[in-house]
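So the structure is just underneath, and the comments pick up after that.
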2 protein chains.
Amino acid sequence: MVRKPYLIFVGDASRSAVTKTAEGVRDWAREDCTGQWRQSPGATDLGLPDMAPAEAYAAGARSLLIGIAAIGGRIPDEWVPLLLEALEAGLDIVSGMHGRLSAIPEVAEAAARLGRSLHDVRHSSRSFPVASGRKRSGKRLLTVGTDCALGKKYTALALAAAMKERGVDADFRATGQTGIMISGDGVAIDAVVADFIAGAAETLSPEAAPGHWDVIEGQGAIFHPAYAGVTLGLLHGSQPDALVLCHDPRRTEISMFEGFPIRPLEETMETYLSLARVTNPDARFVGISLNTSGLSEVEANALAASLEAQHGLPVMDPLRFGTERVVEQALA
Amino acid sequence: MVRKPYLIFVGDASRSAVTKTAEGVRDWAREDCTGQWRQSPGATDLGLPDMAPAEAYAAGARSLLIGIAAIGGRIPDEWVPLLLEALEAGLDIVSGMHGRLSAIPEVAEAAARLGRSLHDVRHSSRSFPVASGRKRSGKRLLTVGTDCALGKKYTALALAAAMKERGVDADFRATGQTGIMISGDGVAIDAVVADFIAGAAETLSPEAAPGHWDVIEGQGAIFHPAYAGVTLGLLHGSQPDALVLCHDPRRTEISMFEGFPIRPLEETMETYLSLARVTNPDARFVGISLNTSGLSEVEANALAASLEAQHGLPVMDPLRFGTERVVEQALA
């Protein structure tokens, strides 16, 4: 569990591919963002107050959040004095980089001396049990996909927010680094040792009140040549009552895996369902979430109508169409 | 890669549940076993010459193999002086325990001082790439199952041996601790970080000559509530041309997971095939391997005949019926 609110470190990053984690946190956890710390005037402006660590701490911030990427995933040497400044000012550090904060001797030493915590959310320092397969009380919704990086996190966040707005007792459960930064908790499921994927997913959404919903961020895709093992372990451990299929209609191939076609939605949903029913015989799809960012309004509406007719499921786009009917279908 | 041949440490173990790894190594790698080291006359006799480390080293042994289990997977304190004696005598140590050899300070110190290697085969010290999904040259056979612990390793060992006997260039590829001890190499696939399961499987069976066969030990089961993620990553990364389904006809439920039925063979094979074809569109089943140890000769023959008729595939039992027709089906 990380300490909020955040001072978001932007450095001198300006490309959206580099700053998208920071932007995700700003979009979904605005109330948890005290300010931004930029190292150059050309750096991306998240629309948060500019401040340095001491000022941010005084304004209530408790962690510096490294929400930008760096080449090779390493923490650049020139960041080290900045990280030390943050620790001295009273802040913990939350990082989504591949390189570990604790592997930088000066940073590890300063954190230990000052009593600060270093959170490398891409790595898992916890150990998990082997999954039991036992049914847990409470309800669970899992977002699954036809590929990686097409809206599983945004869909889960939007559905959890919509449930809460209706007064449903619901929690977003994060399984990836950006999600963990947004919610302040979760498990980087792809960093867990293979034997414990489903066990980690069971731990992530523990027993809850019968009317409670965990809305779990999916990972990977069941027909993905590299990540399907993660997807399946997460599916089994989550024991979802409700599944939402996330899809980007412009994609014809698995992203960055040439020659691996996106399979038809029908086949994809049948495969997810047959595997999901190993741990929850009542699993069912309650909606399709489209990423229609590449389509016009007219095209998006036509596609949604056609998919609704074809699959008999409500279609949503977390950034365009409402989530209401998918939530209703889940609660029904 | 571990150094063979082995002195097998039996300690004072006498129950077959505890000594089965030692027995597996003795059965499948007899030529790699110099002797056994027993601490009490009541300990299991593997039928190997009894010897202590110094004598074993003189006779050619290069590693002490801990082929027995201990309660909780920890290395008992009373073994430490014995391990030190082995290191002093010139032997490396190969362990299949959960507890790491390198976590015992005296053992780690002695190994470093003497230049010996400590191999914890249950853990993976290597890092692996994300899977590429790219087709590799050479042929691959993977054993898959309806459950854990019903003969996937034995089936793969038997098929690799039968191929070699026919003059086929074939390698057994180990994915679990006993298999690694037998072959002297391999990857404990369930110990790999989740993101890299398929990548580790790609590394395990690299590009090879067109006529070469890798016979890969399967893990888990696709309908297993705890381990299916490992199974699927291994399936995708192995890109098998040929699959053999391993099954124990007495089992009705997943072992140790009450309430999780073994699914019909037809459904199981269809699910494996549809997922295998993500990375190898030509994947097909070439046989069924039965564990008929609980059946009489008459019952076993009747069951094999009935399954052959039903599925149109040759049926083998690595310990009872020949493997020939399955090998022929694979090579066809």
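Scanning the stretch B:96-116 for residues that are at pLDDT 90 or above and open to solvent by less than 50 Å² (accessible area, probe 1.4 Å) yields a count of 7.
Residues in the stretch B:158-175 that are open to solvent by 10 Å² or more (accessible area, probe 1.4 Å), within 24 Å of B:Thr279 (Cβ to Cβ) and not acidic (Asp, Glu): B:Val168, B:Phe172, B:Arg173. Hey, among the residues in the stretch A:206-230 that are within 14 Å of chain B (Cβ to nearest Cβ) and more than 17 Å from A:Val278 (Cβ to Cβ), which one's surrounded by the fewest Cβ atoms within 10 Å (Cβ to Cβ)? The selected residue is A:Pro225.
Based on this model, can you work out whether B:Arg122 counts as open to solvent by 10 Å² or more (accessible area, probe 1.4 Å) and either free of Cβ contacts under 8 Å to residues at least 12 places away in the same chain or within 29 Å of B:Ser102 (Cβ to Cβ) (or both)? It is true that B:Arg122 is open to solvent by 10 Å² or more (accessible area, probe 1.4 Å) and either free of Cβ contacts under 8 Å to residues at least 12 places away in the same chain or within 29 Å of B:Ser102 (Cβ to Cβ) (or both).
Quick one: in the stretch B:107-154, which of the residues that are within 15 Å of the chain's Cα centre (by Cα) and among the basic types (Lys, Arg) is nearest to B:Ser183 (Cα to Cα)? Looking at the filtered set, the residue picked out is B:Lys153.
The one condition from (1) assigned to a strand (DSSP E or B); (2) surrounded by fewer than 15 Cβ atoms within 10 Å (Cβ to Cβ) that B:Leu64 does not meet is (2). Could you look through the stretch B:256-284, keep only residues that are small (Gly, Ala, Ser) and within 12 Å of chain A (Cβ to nearest Cβ), and pick out the one that is least open to solvent (accessible area, probe 1.4 Å)? Across the stretch B:256-284, the extreme among qualifying residues is B:Ala276. Evaluation of B:Leu319 against the conditions (1) in contact (Cβ under 8 Å) with a residue 60 or more places away in the chain; (2) touching a strand residue (DSSP E or B) at 6+ places or on another chain (Cβ under 8 Å); (3) assigned to a loop (DSSP other than H, G, I, E, B) shows that the sole unmet condition is (2). Of the residues making up the stretch B:178-193, those that are away from chain A (no Cβ under 14 Å) and either open to solvent by less than 30 Å² (accessible area, probe 1.4 Å) or of a type in the set (Phe, Trp, Tyr) (or both) number 7. Of the residues making up the stretch B:125-141, none is open to solvent by 50 Å² or more (accessible area, probe 1.4 Å), within 18 Å of B:Thr21 (Cα to Cα) and at pLDDT below 95. Among the candidates B:Ala56, B:Ala17, the residue that is surrounded by 15 or more Cβ atoms within 10 Å (Cβ to Cβ) and either modelled with pLDDT of 95 or more or not assigned by TED's automatic domain parsing to the domain that holds B:Ala160 (or both) is uniquely B:Ala56.
Every condition in (1) within 12 Å of chain B (Cβ to nearest Cβ); (2) in contact (Cβ under 8 Å) with a residue 24 or more places away in the chain; (3) open to solvent by less than 30 Å² (accessible area, probe 1.4 Å); (4) under 21 Å from the mean Cα position of the chain (by Cα) holds for A:Phe196 except the one numbered (3). Might you let me know whether the stretch B:254-274 holds any residue that is in contact (Cβ under 8 Å) with a residue 12 or more places away in the chain and touching a helix residue (DSSP H, G or I) at 6+ places or on another chain (Cβ under 6 Å)? No, every residue in the stretch B:254-274 fails to be in contact (Cβ under 8 Å) with a residue 12 or more places away in the chain and touching a helix residue (DSSP H, G or I) at 6+ places or on another chain (Cβ under 6 Å). Checked against (1) over 16 Å from the mean Cα position of the chain (by Cα); (2) modelled with pLDDT of 95 or more; (3) within 14 Å of another protein chain (Cβ to nearest Cβ), B:Thr175 passes all but condition (1). With the condition kept exactly as written, say whether any residue in the stretch B:220-231 is under 17 Å from B:Thr155 (Cα atoms) and in a helix (DSSP H, G or I). For the stretch B:220-231, residues under 17 Å from B:Thr155 (Cα atoms) and in a helix (DSSP H, G or I): present. Within the stretch B:272-289, the set of residues being touching a Lys or Arg at 6+ places or on another chain (Cβ under 8 Å) and closer than 15 Å to A:Thr271 by Cα comprises just one member, B:Leu273. Could you please find all residues in the stretch A:141-194 being in contact with a Cys (Cβ under 8 Å, 6 or more places away or on another chain) and outside any helix (DSSP H, G or I)? Of everything in the stretch A:141-194, those that are in contact with a Cys (Cβ under 8 Å, 6 or more places away or on another chain) and outside any helix (DSSP H, G or I) turn out to be A:Thr143, A:Val144, A:Gly145, A:Thr146, A:Leu150, A:Gly151. When we screen A:Gly287, A:Gly237, A:Gly233 for residues that are within 19 Å of A:Arg140 (Cβ to Cβ), open to solvent by less than 20 Å² (accessible area, probe 1.4 Å), assigned by TED's automatic domain parsing to the domain that holds A:Leu150 and touching a strand residue (DSSP E or B) at 6+ places or on another chain (Cβ under 9 Å), the only hit is A:Gly287. Screening the candidates B:Arg15, B:Arg113 for the property of being among the basic types (Lys, Arg), over 24 Å from B:Ala188 (Cα atoms) and touching a Leu at 6+ places or on another chain (Cβ under 9 Å) yields one hit, B:Arg113. Among all positions in the stretch A:21-29, there is no residue which is among the aliphatic types (A, V, I, L, M), over 27 Å from A:Phe172 (Cα atoms) and open to solvent by less than 60 Å² (accessible area, probe 1.4 Å). Only a single item in (1) open to solvent by 10 Å² or more (accessible area, probe 1.4 Å); (2) within 19 Å of B:Ala160 (Cα to Cα); (3) away from chain A (no Cβ under 14 Å) is not met by B:Arg250, and it is number (2).
The values are calculated or read from the model by the stated rules, or taken from the named source; none is laboratory data. Because the structure is predicted, anything quoted here is derived from the model rather than measured. Cβ sites come from the backbone with ideal geometry, for glycine too, and all protein chains shown count toward neighbours. Note: areas computed on protein heavy atoms with side chains; ligands, DNA, RNA excluded. Shrake-Rupley method; radii C 1.70, N 1.55, O 1.52, S 1.80 Å.
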